[in-house]
Amino acid sequence: MPFLIFTLAFLVIPTFYLASGSFQNLAVAPNDPAHGAFTLQNYSALSQPNLADSYFASIEISLVTAVVGGIFGFLLAYAVIMGGLPRFLRSALMTYSGVASNFAGVPLAFAFTFTVGASGILTPLLLAGGVHLNIYSKTALELAYLYFQFPLMVLIIAPAIDGLRKDWREASENMGASAFQYWRFVAFPILLPSLLGTVILLFGNAFGAQATAFALTGGSINIVTIQITRQIRGDALNDPGIGYALAMGMVAIMAVTIGAYALLQRRAERWQR
Amino acid sequence: MSYLTLTGIQKQFGTTYAVHEFNLSAEKGEFVSFLGPSGCGKTTTLRMIAGFEQPTAGTISIGGTDITHRPPNRRNVGMVFQSYALFPNMTVADNIGFGLRVRKRPKDAIHKRVDELLGLINLPDKGGRYPYQLSGGQQQRVALARALAIEPDVLLLDEPLSALDAKIRVALRKEIRSIQRQFGITTVYVTHDQEEALSLSDRVVVMSEGRIEQIGPPPDIYNFPATPFVASFVGTLNLLAAQVIDGATARLNLEGQEIRGSKPGAATGDRVTVAIRPETVEVGEAGGSNRLTGTIEDVSFLGSIVRTRVRIGNEASLSFDQFNDPGLAAGVVGDSIALSFPPEATLVLAGEANAGDALEQAIAES
């Protein structure tokens, strides 16, 4: 029963609210008789170049940060767990990852601005090295996202790496396999379900992020969450119906992504109970 | 001629010696067991043969080739792990064929060899299953087949049966021995189970605290233990404190009664430990020329045998076994009893107090 209440309150009712809003005409004033009337206009508006682009940008940023953060986080976790590094480094990295994975939104944007923004403390050094980073760009946003993406990867993948048994590696070596063959035939396939799951999680984490992008770029970057903000709370562009349709589009993309993940994972996990 | 040779092997972790001055020469096709309690260095020695540990000193050679510093994947040594270590993402057939696959053997050859080994381990129809779909005994058979698939020069087994229940253990050890004989492969088997070591091996290496206590065929290890440790660890033993009356004739005083030891050697007047196997003692005078009298303290029914404990004098107690049969008249606690046993079964071990405590403990726990 508590689960049912929780699901209703935080999943079913909000989704229903979004879905019903996306089919209503909310562009007109509330006292207009057309207000709230059924329409498909909100969905057809999603094909406008500006809105379609926002999806592509969001997917690109999410994909890049999920993959790059995933690879970097995995290598980092692997290095401290299996790389023969001192034990204290592992505790230090896990503690840092716990904090950094939650260090997103406005604090991260400000930290990023103070460090590599126009007057950032590292900016003169970067400029001296010939690096000019525009913090309002997509690349800068991806870089900022990586600061919470890779620590999240470290946190989630570390237990999976811990689960790789030492005797699997030894058995593999004993059979004559090289380190590469061990990774190719044994370790990587065993880790694949966890890797897939974590990368999907990172994708969703970046896809739904709004505060970091908004605080860092002042809303100038065209991603879906910023577009939703503009449509629902904006002064110039105010059409909550389109905002709801945009949000439903996000739900659809996440559903497709999770569906694809489930298929892949079922294949990758066929050897599990 | 020696095939697997370990010469002066040592392994040091910090200031602790895990293995000390280990020397062994095993013939081609010989089955050698390392027997000892946990922490005695037997697994460390096995892992040094496999290449997972580097000896601090000494050399290991197989067929005359020094492999001491060769990486594990270039030793052609097959190993069966205690925890099976089957790859969970691969089917049984893929697990068995793994070593051949990484050696880039043709697919047909791999398939043929896998089928052959599946037949050998009596799992011909289980090739498509995953390890989690098999019982512990079946998984261990697959692990054995996987180790044999690469046609190793030496087969290493690290307590392979310890996770299995008693009946499967007995059945599987017979299979292991039979397969080992069929392949004629030099095998090193690590165990802390004396029955396993004694029943399987051509020779047993008994180890304690990183050192070899005794190497020999199972009957020698059991009947003629060289040290108090071997005597206490292998089989069950009575320990009784005695004093040497005459070293030249091995006459001993045990709680005021005179017996003879198996061989002379101890100095007259020495305090020694007398070790007597429970199964060598008989009621009455038929067991041999050594005679002892005492009072029955306890009678335990152990299924196929009945074990009786007899108080000898004030300090010593001696247990003996009788085969259980419906007509057996077991002793009654408090009754007097006369026992006999042969002098050749009366081992005289140097040292009294510490060794004695260990032996008494061993018999008390058995």
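The values are calculated or read from the model by the stated rules, or taken from the named source; none is laboratory data. These numbers come from a predicted model, not from an experiment. We place every Cβ from the backbone using ideal geometry, glycine too, and count neighbours over all the protein chains shown. Side chains are part of the model used for accessible areas, which takes the heavy atoms of the whole protein and leaves out ligands, DNA and RNA. Shrake-Rupley method; radii C 1.70, N 1.55, O 1.52, S 1.80 Å.
Largest to smallest in accessible area, the residues B:Arg105, B:Arg181, A:Arg230 fall in the order B:Arg181, B:Arg105, A:Arg230 (1.4 Å probe, all protein chains included).
Given +1 at the Cβ of Lys and Arg, -1 at the Cβ of Asp and Glu and no other charges, the dipole of the protein assembly as shown around its Cα centre is 2280 debye to the nearest 20. Per-residue SASA remark: A:Tyr17, around 140 Å² accessible (1.4 Å probe; ligands, DNA and RNA not included). Derived scalar couplings between HN and Hα for region B:162-173 equal 5, 8, 9, 7, 4, 5, 5, 4, 5, 5, 6, 5 Hz in order, rounded to whole Hz, by the Karplus curve 6.51 cos²θ - 1.76 cosθ + 1.60 (θ = phi - 60°), x for Gly and Pro.
Under the classification rounded if a/c is under 1.5, otherwise prolate if a/b is larger than b/c and oblate if not, where does region A:49-272 fall, given a ≥ b ≥ c as square roots of the Cα gyration tensor eigenvalues?
Details: a/c = 2.74, a/b = 1.50, b/c = 1.83.
Taking the square roots of the gyration eigenvalues as a ≥ b ≥ c, region A:49-272 is oblate.
For region B:62-204, the gyration tensor built on C-alpha atoms gives an oblate shape. Its axis ratio a/c (a ≥ b ≥ c) is at least 1.5, and a/b is not larger than b/c. Straight-line reach from B:Lys104: taking Cα to Cα under 28 Å and skipping same-chain neighbours fewer than 8 places apart, the lysines in range are A:Lys166, B:Lys28, B:Lys112, B:Lys126. Per-residue mean of foreign Cβ neighbours for B:96-103 is 5 (Cβ atoms of other chains, 10 Å radius). Can you tell me the 0 to 90 degree angle between the C-alpha axis of helix B:353-365 and the longest principal axis of chain B, rounded to 10? Taking the Cα atoms of chain B, the angle to B:353-365 is about 70 degrees. Element breakdown for chain B at a 1.4 angstrom probe: carbon and sulfur atoms account for 49% of the accessible area. Roughly speaking, what % of Cα-Cα pairs in the protein assembly as shown are separated by over 34 Å, rounded to a whole number? Result: 63 percent of Cα pairs exceed 34 Å.
If packing is taken as the average count of other Cβ atoms within 10 Å, what order do A:21-29, B:200-208, B:122-130, A:67-75 fall into, highest mean first? Don't skip to the answer; put the middle values down first.
Numbers: A:21-29: 17.7, B:200-208: 23.1, B:122-130: 14.3, A:67-75: 19.6.
Taking the mean over residues of other Cβ atoms within 10 Å, the ranking is B:200-208, A:67-75, A:21-29, B:122-130.
Over chain B, what relative contact order in percent results from Cα pairs under 8 Å that are six or more residues apart? For chain B, the relative contact order is 15 percent.
Remark: mean inter-chain Cβ contacts per residue of A:142-153 equal 0, using a 10 Å Cβ-Cβ cutoff to other protein chain atoms. Each of A:Ser137, A:Leu125, A:Gly219 was scored by the projection of its Cα onto the charge dipole of region A:125-233, and the greatest displacement toward the positive side belongs to A:Gly219; charges sit on the C-beta of Lys, Arg, Asp and Glu. Counting only protein heavy atoms and using a 1.4 Å probe, the accessible area of A:Tyr136 comes to about 130 Å².
Put one equal scatterer on each alpha carbon of chain B, apply the Debye formula with no solvent term, and list log10 I(q)/I(0) at q = 0.09 1/Å to two decimals. Log-scaled intensity ratios, in q order: -0.62.
Angle of helix B:136-149 to the longest C-alpha principal axis of chain B, folded into 0 to 90 degrees and rounded to 10: 60°.
Once you average over the residues of B:138-151, how many Cβ atoms of partner chains fall within 10 Å of each Cβ?
Values: counts 0, 0, 0, 0, 0, 1, 0, 0, 3, 3, 0, 1, 3, 0.
The mean count of partner-chain Cβ atoms within 10 Å per residue comes to 1.
The listed residues A:Leu85, A:Leu18, A:Leu263, once ranked by accessible area (1.4 Å probe) with the largest placed first, stand as A:Leu263, A:Leu85, A:Leu18.
Treating r as the C-beta distance of A:Val67 and B:Arg74 and R0 as 30 Å, the FRET efficiency rounds to 0.25. Sorted largest first by accessible area at a 1.4 angstrom probe radius, with every protein chain in place, the residues B:Val77, A:Val64, A:Val256 fall in the order A:Val256, A:Val64, B:Val77.
Under unit Cβ charges (Lys, Arg +1; Asp, Glu -1), what dipole magnitude, rounded to 20 debye, does region A:66-169 have relative to its Cα centre? Show your work: numbers first, answer last.
Details: 6 positive and 3 negative charges, 57 e Å.
In total the dipole reaches around 280 debye.
If you take the Cα centroid of region B:183-207 and the Cα centroid of region B:9-46, the two points sit 13 Å apart. Averaging Cα coordinates gives a centre for region A:68-120 and one for region B:310-338; these two points are 73 Å apart. Please report the antiparallel percentage of DSSP beta bridges with both residues in chain B, rounded to the nearest 5. Within chain B, antiparallel bridges account for around 75 percent of the total. Peptide packing: for A:104-110, A:210-216, the average count of neighbouring Cβ atoms within 10 Å per residue gives the ranking A:210-216, A:104-110, highest mean first. Rounded to the nearest 20 debye, the dipole size of chain A about its Cα centre is 720 debye, using +1 on the Cβ of Lys and Arg and -1 on the Cβ of Asp and Glu. Calculate the length of the line joining the C-alpha centroid of region B:161-179 to that of region A:257-273, in whole Å. If we compute the Cα centre of each part, the gap is 37 Å. Classify region B:123-263: rounded, prolate or oblate, from the alpha-carbon gyration tensor (a ≥ b ≥ c, eigenvalue square roots; a/c under 1.5 rounded; otherwise prolate if a/b is larger than b/c)? Prolate, since a/c reaches 1.5 and a/b exceeds b/c.
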